[in-house]
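> Pasting in a structure now, in structure tokens, and then I'll have a few things to ask.
The values are calculated or read from the model by the stated rules, or taken from the named source; none is laboratory data. This one's a predicted model, so the numbers in the text were calculated from it and none came from an experiment. Heads up, the Cβs are rebuilt from the backbone with ideal geometry, glycines too, and the neighbour counts pull from every protein chain shown. Accessible surface areas use protein heavy atoms only, side chains included; no ligands, DNA or RNA. Shrake-Rupley method; radii C 1.70, N 1.55, O 1.52, S 1.80 Å.
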Amino acid sequence: MVKIGNIELPDFPLLLAPMEDVSDPPFRALCKEQGADVVYTEFISSEGLIRDAAKSVMKLDIYEKERPVGIQIFGANLESMLQTIDIVEKSNPDIIDINFGCPVKKVVSKGAGAGILKDVCLMEQLTAEMVKRTNLPVTVKTRLGWDHDSIRIVEVAERLQDVGCAAISIHGRTRAQMYKGEADWKPIAEVKNNPRMHIPVFGNGDVDSPKRAMEMRDVYGLDGCMIGRATIGNPWFFKQVKHFFKTGEHLESVTLEERVEAARRHLQMAIDWKGETLGVFETRRHYTNYFKGIPNFKEYRMKMVTSDESKDVFDAFDEVLDAFSDYQFV
Ligand SMILES: Cc1cc2nc3c(=O)[nH]c(=O)nc-3n(C[C@H](O)[C@H](O)[C@H](O)COP(=O)(O)O)c2cc1C
């Protein structure tokens, strides 16, 4: 069994990665239904939360049905991060996760996200103070290092553990790599093999098939894996991995009916959550992913992403069922 603080998880848990504009409550709920053991919110700016910026605050919403859920925050200023903890706790998450891995310029230029990999002492201090501020488990998501020449992830992970970090998820790329090249899981295995490590070490980066997840477990010996891109438009990925672990066989492809049903439920949950207008608007970005691969889909996609009323989007789903009933997903 794997534990994050007092949260008990099955062996080799599968975690939904935090993903901006993707990991919203409806999507997290769908992933949870399909077997995700822990889900994370997208990153939330500590400065935005303190200013009470509506967009940041809305990202704190969580459904009971998605637990255990971690709220991920980012920032580089200690006082702001501590205030953020107090705000985040009111949403009653199960975990607070610190983003020490975001590579984008506007974040790292402020010393936040992966920017902090240049100042491991600050990273350690922020983590230590945040752990002291809350009774919730604090986890960290980070990268291997700033660049290839400065990879010190074994030492970094140990230092974070020593100040009370409850689990660490490591994306097997450096900041300099952004999303290029292949994720390297060997340094993550070195973290896991450090005899001083006792907190869970989760691997992340390029798990795009059940076989790769199995490799992370059996070849690299990690405690679980965090999965991002492979779940976009495919919340069934968790079920597919678990089925493969159990039987060694791949599940049948997800059918058109299941995809339409997921899109429908996603939209309905979004409307229930934030109302018709925002729900319709913000669910648009997910449709392409659910229906990826269907040829000559443009007409239907346009209807889904330009309609302002949910009724029209739901109609488009029905039309897709009629038009593509013969299409076989691979
Ligand atoms: C669209 C998108 C948004 C992301 N947003 C976040 C984020 O908010 N916080 C974070 O820690 N990582 C974020 N990431 C990085 C992922 O969590 C993950 O580390 C990365 O995609 C590698 O895992 P994968 O190969 O399984 O996708 C994002 C990635 C993508 C593709």
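> Could you give the longest part of the chain that holds none of the GluC sites (Glu not before Pro) found in DSSP loops with at most 11 neighbouring Cβ atoms within 10 Å? Provide the component values of the computation, followed by the final result.
Values: sites that count: Glu182, Glu249, Glu252, Glu309.
Longest site-free region, per DSSP loop and neighbour criteria: 1-181.
> I need the calculated FRET efficiency for the pair Ala323 and Asp272, taking r as the beta carbon distance and R₀ as 41 Å, to the nearest 0.05.
With R0 = 41 Å, the Cβ-Cβ based efficiency is 0.90.
> Continuing with the same structure: Using +1 at the Cβ of each Lys and Arg and -1 at the Cβ of each Asp and Glu in the chain, identify which of Ile227, Ala270, Gly75 lies farthest towards the dipole's positive end.
Gly75
> In whole percent, what relative contact order does the chain give with Cα contacts below 8 Å and a gap of six or more residues? Intermediate results must be reported in sequence, preceding the final value.
Details: 610 pairs, mean separation 46.7, N = 330.
Computed value for the chain: 14 percent relative contact order.
> Another question, if that's okay. Tell me the label-point distance for the pair Gln125, Arg284, using the 7 Å Cα-to-Cβ offset, in nm and rounded to one decimal.
4.5
> Ok, one more. Using Cα pairs under 8 angstrom and six or more residues apart, how large is the relative contact order of the stretch 256-324, in percent?
35
> Over the chain, with every protein chain in place, what whole percent of the accessible area is carbon and sulfur at 1.4 Å, could you tell me? Walk me through the numbers before you get to the answer.
Values: 7170 of 14570 Å².
Its accessible area is 49 percent carbon and sulfur atoms.
> Next up: In whole Å, what is the distance between the alpha-carbon centres of the stretch 20-54 and the stretch 272-330?
22
> Stretched out fully, how many nm does the piece from Asn193 to Glu33 gain, at 0.36 nm a residue minus the Cα gap?
Taking 0.36 nm per residue and subtracting the Cα distance, the gain is 54.4 nm.
> Springs between alpha-carbon atoms under 10 Å, Gaussian network over the chain: tell me which of Arg51, Arg212, Arg259 tops the mean-square fluctuations.
Largest GNM mean-square fluctuation: Arg51.
> What accessible area per residue comes out for the chain, rounded to a whole number of Å², with a 1.4 Å probe?
44
> Moving on. How many nm is it between the label spots at Asp52 and Leu78, if each spot is 7 Å from the Cα in line with the beta carbon?
Placing both labels 7 Å along Cα→Cβ, they lie 2.7 nm apart.
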